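Notes to accompany the following structure.
The values are calculated or read from the model by the stated rules, or taken from the named source; none is laboratory data. Keep in mind that what you see is a predicted model, and the values were worked out from it rather than measured. Here the Cβ positions follow ideal geometry from the backbone for every residue, glycine too, while neighbour counts run over all protein chains shown.
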Amino acid sequence: MKLLLDEMWPPEVAVQLRRRGHDVVAVAERSELRGQPDAAIFTTAQVEGRAIVTENVVDYRPLAVNALQRGDTHRGLVFTSNRRFPRHDPRTAGHLATALDELLSTEREALNLEYWLS
């Protein structure tokens, strides 16, 4: 599974995961994606074959549902929560990288699925 970290997550998480051998990029690393609407991020993730890591369930879940209703597929959603991964805590990047590493190490396929990271 390849990942695209939504804009709320710092690029350091992607860097840590790449060091562990995973194909992960962050929106914040790519100037053409920063500040783009969620629909554009979703489309980019699909084109690149990446599941999106986000806590923005309200916007991304409908995009995935709409894709399925059109008969398309999506590469997956990995949802996080601010309760489990508080963005104000400087330790969160490391905790998130560890949790994502565990998910990626299971070699799960995310096609048309959503996961809640705990």
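Which members of segment 81-104 meet the condition of being surrounded by 12 or more Cβ atoms within 10 Å (Cβ to Cβ), outside any loop (DSSP other than H, G, I, E, B) and either without any contact (Cβ under 8 Å) to a residue 24 or more places away in the chain or of a type in the set (Ser, Thr, Tyr) (or both)? Result: 92, 95, 98, 99.
In the set (1) assigned to a loop (DSSP other than H, G, I, E, B); (2) farther than 14 Å from residue 114 by Cα, residue 74 fails one condition alone, (2). Here residue 16 fulfils each of the conditions (1) modelled with pLDDT of 95 or more; (2) of a type in the set (S, T, N, Q); (3) closer than 20 Å to residue 116 by Cα apart from (3). Within segment 58-80, the set of residues being out of contact with any Leu (no Cβ under 8 Å at 6 or more places or on another chain) and either surrounded by 11 or more Cβ atoms within 10 Å (Cβ to Cβ) or touching a residue at least 12 places away in the same chain (Cβ under 8 Å) (or both) comprises 59, 62, 63, 65, 66, 67, 68, 72. When residue 108 is tested against (1) buried (at least 17 other Cβ atoms within 10 Å of the Cβ); (2) not polar (S, T, N, Q); (3) not in a helix (DSSP H, G or I), exactly one condition is not met: (1). Residues considered: 47, 25, 57. Of these, the only one that is touching a strand residue (DSSP E or B) at 6+ places or on another chain (Cβ under 7 Å), modelled with pLDDT of 95 or more, over 22 Å from residue 101 (Cβ atoms) and of a type in the set (A, V, I, L, M) is 57. Residue 57 fulfils the conditions (1) out of contact with any Ser or Thr (no Cβ under 8 Å at 6 or more places or on another chain); (2) closer than 24 Å to residue 21 by Cα; (3) not acidic (Asp, Glu) except for a single criterion, (2). Here residue 117 passes the criteria (1) under 13 Å from residue 54 (Cβ atoms); (2) at pLDDT 95 or above except the one numbered (2).
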